[in-house]
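Values quoted throughout were computed directly from the atomic coordinates according to the rules given, and no laboratory measurement underlies them. What you see is a predicted model, and the numbers here were worked out from it, not measured in a lab. We place every Cβ from the backbone using ideal geometry, glycine too, and count neighbours over all the protein chains shown.
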Amino acid sequence: MNVFKHFGEVLLGELEALVATGTLPAGTDLSRVSVEPPRDPAHGDLATNAAMVLAKPAGMKPRDLAQAIADRLAAVAHVTSTNIAGPGFINIRLHDVFWRDRLRDVLRAGTKYGDSDIGHGAPVNVEYVSANPTGPLHVGHARGTVVGDVLAALLAKAGYAVTREYYINDAGAQIDVLARSAYLRYREALGEDIGGIPEGLYPGNYLVAVGEMLQQRDGEKWRDLPEDQWLPEFRDVSVAAMMDLIRADLDSIGVRHDVYSSEQALIRAGGVENAIETLQSRNLIYRGTLEPPKGKAPEDWEPRPQLLFRATDFGDDTDRPLQKSDGNWTYFASDLAYHLDKYQRGFPTMIDVLGADHGGYVKRMKAGVKALTDSSGELDVKLCQMVRLLAAGKPAKMSKRAGTYVTLSDLLDRVGGDVVRFIMLTRKNDAPLDFDLVKVKDESRENPVFYVHYAHARCRSVLRLAAAEFAAADLSIAALAEADLSPLTDSTELALMRTMAAWPRTVESAALAHEPHRLAFYLQELAAGFHALWTKGKDDASLRFLVPTNLALSVARLAMVQAVATVLASGMEVIGVEPLEELRS
């Protein structure tokens, strides 16, 4: 149950009753009414702006309308009190029984607690990683990888039909550079002294294996042929080898895409021409000359008549070129074709997770999607800022097996996939992130990964001790769900229940906003609440989870502990982190 959505529906019923009695005029727009957590928990459990947004159309003072609404809410089941704050906000407090019943919801649902149907099975395409297939993934790719993968899992939990997609940029000039780099390694495998890697080629030793494979397979077949004869084969073989490396890196961090789309295959199938024809049919392409941009000119600007897309008709800053002077399509034209292809495959909602260097590309792509889909398609672009690697606060030094950068596999070898996945969500995607290789191993509250793992491990430890202490009692989850929970009366216990009850709302709001970092924030909040109760029990024996002389009290608290473990596990499941049964040094 999303508590806030539930009481939002209850409130709408009461407002409709006020319409029926004439207190509110017929046809009153109730769409802006909301039920949210109060800014200060001390004010209550729920707060609504109903009187604030409805007073003017009702011709009433906000506080007078608030009183009329509060009087009706006071009679609603589980509401113990209402009060009017400020100019007309209504704060609502709920009975403790209501919060105890949410524990039962958790225990009965298991890790499916928080599952939602707000997506109604609508298809969503989440494209992420999509690194150029010119080498293994590096640390710069890690953040977008995690953000995209967790966003996809979050949307699935919220009831969307999610497709995870990787776009292989295998049609650009960088692939020719890759092929030439592999050819150099091929000659090296034939026994030639290639000397240093020439500037402009990829220096990473990951291409040594590609050269050796081609030498073993084909011998000297390619040695003396002109480039135009060997380049296509080396392109195809090199891209395939790089994608094998990338898939292995993704697998090591628990990421598996449903679809791998090839730019080259799309172009060969006439995808760009299809997009151009679609725009032409809507009179959205013309031949013209762009004004020189202020400051540094972008790569796609040329002082000549060009084939231009009317991007300004859809909110962009300038119209955009679709064709280069050599007759080849621009990258933008290929990207338009790719997004039209996604739309035509049945994805009106598309999410692209990209690096911060694509910031200048967002407006034009959103404009292009609007134009190509006649505004029925929606594109959301999540830009991921850079990750700075540190060691105890100082720039980190790690091996650079790829030649010019730190690989993702280096990072995973150092700290593990669970740490990488969680830490990448401890800041919103568009905020810079410091990844401290030393701090992520600290066993302290300052390390969010440890703090959340520790909370789950503590829960499991309590449950194991209880099984030994009360060996004759039925402590199964099913039994705990039906237990008498009335002994749970301490303010810290009730606060913990409220936090757990917020998980369904967190899932829905994070899914609607496309903000997976909210899950990591929530898990830290829940872990903090549990640790606070643990500490309080150390100081006050009456609040300990296990009271050997009081089975009923212990069972109620075990239900709470089991619920905490379940919600933590539910959140970690979405993030892709394994809940630990115990912590080992």
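Separation of the range 474-542 and the range 220-243, taken as the distance between their Cα centroids, equals 58 angstrom.
Over the Cα atoms of the range 448-575, what is the Rg over Rh ratio if Rh follows Kirkwood? Answer for the range 448-575: 0.98. Measuring nothing but alpha carbons in the chain and taking Rh as the Kirkwood radius, the Rg to Rh ratio lands at 1.05. Taking the square roots of five times each eigenvalue of the Cα gyration tensor of the range 173-252, the equivalent ellipsoid has semi-axes of 20, 14, 13 Å, listed largest first.
The Cα-based radius of gyration and maximum Cα-Cα distance (Dmax) for the range 272-397 are 16.9, 59 Å. Solvent-free Debye calculation, one equal scatterer per alpha-carbon of the range 373-514: log10 I(q)/I(0) at 0.10, 0.11, 0.16, 0.17 Å⁻¹ equals -0.61, -0.71, -1.06, -1.12.
Net length available on complete extension from Ser542 to Tyr286 is 84.3 nm, with 0.36 nm assigned per residue and the Cα-Cα distance removed.
Once the Kirkwood radius over Cα pairs is known for the range 223-264, the Stokes-Einstein relation at 25 °C and 0.890 mPa s delivers a diffusion coefficient of 200 µm²/s. By definition, a body whose alpha carbon gyration tensor gives a ≥ b ≥ c is oblate when a/c is 1.5 or more and a/b is not larger than b/c, and the range 325-383 fits this oblate description.
Rounded to the nearest 0.05, the FRET efficiency derived from the C-beta distance between Ile194 and Ala356 at R0 = 45 Å is 0.80. Annotation: Cα Rg of the range 121-189 relative to the compact-globule expectation 2.2 N^0.38 Å equals 1.51.
In a reduced charge model with +1 at each Lys and Arg Cβ and -1 at each Asp and Glu Cβ, the range 77-217 shows a dipole moment near 740 debye about its Cα centre. Take the Cα of Arg304, go 7 Å toward its beta carbon, and the backbone nitrogen atoms of the range 270-288 under 20 Å from that spot belong to 286-288.
The base-10 log of I(q)/I(0) for the range 3-94, evaluated at q = 0.12 Å⁻¹, reads -0.30 [Debye formula, identical scatterers on Cα atoms, solvent excluded]. Counting only DSSP beta bridges with both residues in the chain, the antiparallel share comes to about 45 percent. The angle between the Cα long axis of helix 139-157 and the main principal axis of the chain comes to about 50°, on a 0 to 90 degree scale. Of all lysines in the structure, those lying under 26 Å Cα to Cα from Lys397, and not within fewer than 8 positions of it along the same chain, are Lys428, Lys439, Lys441.
Full extension of the segment from Val76 to Asp434, taken as 0.36 nm per residue of separation minus the current Cα-Cα distance, would add 124.1 nm.
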